[in-house]
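Heads up: the structure comes next, in structure tokens.
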Amino acid sequence: MCIKTDQGRVYDRFKGRVMFPVFSISGKVIAFGGRTLKKDVAKYVNSPESLIYKKSYQLYGLYQAKQAIVKHDKCILVEGYMDVISMHQSGIENVVASSGTSLTDGQIRLIHRFTDNVTVIYDGDAAGIKASLRGIDMLLAEGLDIKVLLLPDGDDPDSFAQKHTSSELEEYISANETDFLQFKTSILLNGVKNDPIAKSRVINDIVRSIAVIPNPITRNVYITECSRMLEIDDRIVALQVNKLFMERVGKDNLKKQQEAAAETISDIVNVEEPAKPVEAAAEVKQQPSSVDSNSSFLRAYEQGILRYVLRYGMLELCEDYDDIGNPISVKVIDYVNEELKNDDLKFSNPDIEKTFEEAIKCSSMTWEEDNQRNNETLLKERERYIAAGEEEIRTTVTDLNSIAVREKELVERADQLYFKGQREYGMMYIEKILCSHPDDSIRNLTLELVSDKHTLSKVHTKYAKIETDEDRLPELVPRSIYEFKDAILECRIRKLHDDIKAAYSTPSPDKEVIRELMERHVQLQRLRGEFAKFLGERIINPRK
């Protein structure tokens, strides 16, 4: 309450000011804010930090608002003391203030104890809004659901609450609070729509906000919405979001590792490391694991198959027939899974096998419902497209024959857009989900395999239609399976070579064992010859 000068004089810190007591969450007064009634002096003076008052861990009004926050399952966040008081007087009690300071992680975690939903209220000051947008990213990073409310020009929560009744205030908040993405997009894009460079910076800023969201499903929803609002391919948005998300996760993990190392380093400084047996270490070095060697050799083939699954897994590859002869569609992922199961094969690299299993889950558990919902959306868009086209035809064309031709073309174009939308959704379905997977190894591998790292020369694209992988799936997917199986055969043949050599090296070679190994070797070579016919190679040379 008092300040002591260097000369020993004591005076009242809050002299001539209106006092605002700051309560802890348990209801104890731990600090004060004082507002002057005079001009030409500091508007507010606040208690300094102390053992009991850390302003980055306190929210003004939280003690009085916590029950209302739980009741309404929403916290309204404003800036100052008077904003909170005026809104309380108007009947809006689930409101707290950051007390004029920038929002902190500690304050956000306090809010999160009581609700997942936050509405941030801004006044009409555009410069102040842009400066405060960082707080939205911090709220998103904590996993909160954010709405934003912009008050009319000239009003702040204090003045606006004093002008309106409780019901009017509640109605205004309900009708005008918007999703953070729409709000941030409208604020940042204002005035830069005709400046491509400035617009790209804004888009990157919005993408960075989406990338801090920890929940992968929420992140995917915002990716779709962002691509729609900004008219950008959602695959590009997804890749950039997940790249930034991975970088953030990596930094967080590194920070945690450094903190853990700092905590434990004093415990291990004086601990002597036990001596390693030299002979055993040398023996291990001389005998590398054949399993590890095979996994390394097979990785490129396994990645090739997984790449088709991630990029095109839900697209139709071919037709098959059920038990009673009815044709059924076989998707890429179903074909791959069935081919592997038929030969009782699994991927030898754990991260590839784990990612493939997650892709199978996506195709079997969530696809039907998600695809049906997408089809409903596409059908509505088709109807709107046809209705808009018919309206244009009626207003611009008078000849009946021309009207019939134009309407036929319109329906054909609407159908093309519908089927294109279906195919694009299926093509991106698995990769879009796994690009946001919480498991680092699955997410990283997916991003690696779906990112295009090579582009064709303009010479090739200018004079000819380039046949894409998507066009050649019926050829490429089976070929990748055969190449994988051929590589497995090569690993087994190499193992047989070693076994035969070892059998001959014994003091008394067992001829029966050697004969069986040789017969097995002939069988495998014959099988590789069958693969060679499909792969277009007369002789398959061992790979090095």
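The values are calculated or read from the model by the stated rules, or taken from the named source; none is laboratory data. Note that this is a predicted model, so its numbers are computed, not measured. Glycine also receives a Cβ, built like all others from the backbone with ideal geometry; neighbour counts cover every protein chain displayed.
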* Asked: Mind checking whether some residue in segment 29-37 is modelled with pLDDT under 90, among the charged types (D, E, K, R) and not assigned by TED's automatic domain parsing to the domain that holds Ala161?
  -> yes
* **Count - residues of segment 351-383 that are of a type in the set (Gly, Ala, Ser) and over 20 Å from the mean Cα position of the chain (by Cα)** => 1
* **Within segment 165-199, tally of residues that are hydrophobic (A, V, I, L, M, F, W, C) and closer than 30 Å to His88 by Cα** => 7
* Taking the residues in segment 16-31 that are touching a strand residue (DSSP E or B) at 6+ places or on another chain (Cβ under 7 Å) and in a loop (DSSP other than H, G, I, E, B) as candidates, determine which candidate is farthest from Ile69 (Cα to Cα). => Gly16
* Would you be able to say whether some residue in segment 166-187 is in a strand (DSSP E or B) and of a type in the set (Ser, Thr, Tyr)? => yes
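Could you please let me know if Leu434 is under 17 Å from Ile217 (Cβ atoms), touching a helix residue (DSSP H, G or I) at 6+ places or on another chain (Cβ under 7 Å), in contact (Cβ under 8 Å) with a residue 40 or more places away in the chain and not assigned by TED's automatic domain parsing to the domain that holds Val221?
Values: under 17 Å from Ile217 (Cβ atoms): yes; touching a helix residue (DSSP H, G or I) at 6+ places or on another chain (Cβ under 7 Å): yes; in contact (Cβ under 8 Å) with a residue 40 or more places away in the chain: yes; not assigned by TED's automatic domain parsing to the domain that holds Val221: yes.
Spelling it out, Leu434 is indeed under 17 Å from Ile217 (Cβ atoms), touching a helix residue (DSSP H, G or I) at 6+ places or on another chain (Cβ under 7 Å), in contact (Cβ under 8 Å) with a residue 40 or more places away in the chain and not assigned by TED's automatic domain parsing to the domain that holds Val221.
Taking the options Asn342, Asn337, Asn375, name whichever one is assigned by TED's automatic domain parsing to the domain that holds Gln303 and closer than 24 Å to Arg443 by Cβ. Full working, then the answer.
Working: Asn342 fails: closer than 24 Å to Arg443 by Cβ; Asn375 fails: closer than 24 Å to Arg443 by Cβ.
The unique qualifying residue is Asn337.
For (1) over 22 Å from the mean Cα position of the chain (by Cα); (2) assigned by TED's automatic domain parsing to the domain that holds Gly80; (3) exposed (fewer than 13 other Cβ atoms within 10 Å of the Cβ), each residue gets a yes or a no:
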| site | (1), (2), (3) |
| --- | --- |
| Leu144 | no, yes, no |
| Lys147 | no, yes, no |
| Ser167 | yes, yes, yes |
| Ala175 | yes, yes, yes |
| Asn204 | no, no, yes |
| Ser209 | no, no, no |
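Do you know which of the residues in segment 50-83 that are of a type in the set (A, V, I, L, M) and touching a residue at least 60 places away in the same chain (Cβ under 8 Å) is nearest to Phe23 (Cα to Cα)? Steps first, please.
Here is the first cut: in segment 50-83, the residues of a type in the set (A, V, I, L, M) are 51-52, 59, 62, 65, 68-70, 76-78, 82.
Next cut, touching a residue at least 60 places away in the same chain (Cβ under 8 Å) only: 76, 78, 82.
Working: Ile76: 18, Val78: 17, Met82: 15 Å.
Once the filter is applied, the top-ranked residue is Met82.
Considering only residues that are hydrophobic (A, V, I, L, M, F, W, C) and in a strand (DSSP E or B), look in segment 1-15 and name the one that is surrounded by the most Cβ atoms within 10 Å (Cβ to Cβ).
Taking segment 1-15 as the starting set, the residues that turn out to be hydrophobic (A, V, I, L, M, F, W, C) are 1-3, 10, 14.
Now restrict to residues that are in a strand (DSSP E or B): 2-3, 10.
Working: Cys2: 9, Ile3: 12, Val10: 9.
Filtering segment 1-15 for residues that are hydrophobic (A, V, I, L, M, F, W, C) and in a strand (DSSP E or B), the one surrounded by the most Cβ atoms within 10 Å (Cβ to Cβ) comes out as Ile3.
Just to be sure, is Glu79 closer than 21 Å to Ser102 by Cα, at pLDDT below 90, surrounded by 10 or more Cβ atoms within 10 Å (Cβ to Cβ) and assigned by TED's automatic domain parsing to the domain that holds Asp105? Before the answer, list the steps.
Working: closer than 21 Å to Ser102 by Cα: yes; at pLDDT below 90: yes; surrounded by 10 or more Cβ atoms within 10 Å (Cβ to Cβ): yes; assigned by TED's automatic domain parsing to the domain that holds Asp105: yes.
Taking the combined requirement at face value, the residue satisfies it.
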* **Failed item, numbered, when Arg394 is tested on (1) of a type in the set (Lys, Arg); (2) modelled with pLDDT under 85; (3) touching a Phe, Trp or Tyr at 6+ places or on another chain (Cβ under 9 Å)** => (3)
* **Subset of segment 28-69 [aromatic (Phe, Trp, Tyr), surrounded by fewer than 20 Cβ atoms within 10 Å (Cβ to Cβ) and under 15 Å from Ala97 (Cβ atoms)]** => Phe32, Tyr44, Tyr57, Tyr63
* Just wondering, is there one or more residues in segment 414-430 that are touching a Gly at 6+ places or on another chain (Cβ under 7 Å), of a type in the set (Gly, Ala, Ser) and touching a residue at least 60 places away in the same chain (Cβ under 8 Å)? -> no
